[in-house]
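Note sheet for the following structure.
What follows draws every value from the coordinates through simple rules; no lab data is involved. Predicted, not measured: the structure shown is a model, and the values here were computed from it. Quick reminder, even Gly has a Cβ in these numbers, built from the backbone with ideal geometry, and neighbours come from all protein chains shown.
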Amino acid sequence: MADLLDYVDENDKVLGSLPRTDIYQQKKIFRIARVLVYDKEGRMLLQKRSMNKSYGPLHWTTAVGGHVHAKETYEEAALREYQEELGTTSPLRFQNIFFCPKKFPHFMTVFTATHEGPFKPCLDEIAELRWCTIDEIKDLIATEPFLEEDLFLFSKIG
């Protein structure tokens with residue numbers, strides 16, 4: 001069931017599943033999968049979330065990201081979100097897993113991928129796509145809103 005998320009302990013061991021709203025209300029630790037999409041020049045693709053999003057509308061974030069559904073692996077979630085958000089996929093490379101101790105604590109598994117496009121962004125989810133160098137991302141962070149967990153992620157990956 002897509003609305004169910006696994007909740008985990010501090011070692012990322014699955015303890016059970018609950019509806020997403022219960023996970024957030026009870027502040028259970030959950031899982032997120034992210035894909036950092038790069039082009040051949042090393043620029044990272046960012047998305048600006050649509051104004052329809054309940055969390056972080058019009059905030060910048062990584063090109064692909066979302067909740068890991070119940071009984072789904074991080075990689076399955078990453079590929080599902082990649083297809084849903086950008087209308088395509090490419091091979092994933094595992095990079096790291098981080099515990100993000102923010103307002104809603106979660107484990108974030110990060111994959112990278114190389115893709116030049118074209119993309120078919122989901123307009124219900126994405127207002128804009130933009131290729132950026134690391135310096136351009138730093139400039140964007142200084143002037144425009146980013147999701148809190150992305151600021152955490154960027155602090156970890158440089």
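By the count of other C-beta atoms within 10 Å, a proxy for reagent exposure, 129, 45 are ordered fewest to most as 129, 45.
Ordering 61, 89, 133 by the number of other Cβ atoms within 10 Å of each residue's own Cβ, fewest first, gives 133, 89, 61. Counting every other Cβ atom within 10 Å of each residue's Cβ, 60, 131 order from fewest to most as 131, 60. I'd like the distance between the alpha-carbon centres of region 88-134 and region 1-70, rounded to an integer number of Å. Spelled out, the Cα-based centre of one part sits 10 Å from the other.
The phi-based Karplus calculation (6.51 cos²θ - 1.76 cosθ + 1.60; θ = phi - 60°) puts the 3J(HN,Hα) values of region 68-85 at 8, 6, 4, 6, 9, 7, 4, 5, 4, 5, 4, 5, 5, 5, 4, 5, 5, 7 Hz, whole numbers, x for Gly and Pro.
Working note: 222 nm ellipticity from helices only, DSSP H runs with n ≥ 4, each -39,500 (n - 2.57), summed and divided by the residues of the chain, gives -7000 deg cm²/dmol to the nearest 500. Dipole check for the chain: with +1 at the C-beta of Lys and Arg, -1 at the C-beta of Asp and Glu, and the Cα centre as origin, the magnitude is about 220 Debye.
For region 1-144, what number of Lys pairs, 8 or more residues apart or on separate chains, have alpha-carbon atoms under 14 Å from each other? Taking the Cα cut-off of 14 Å, the pair count is 6.
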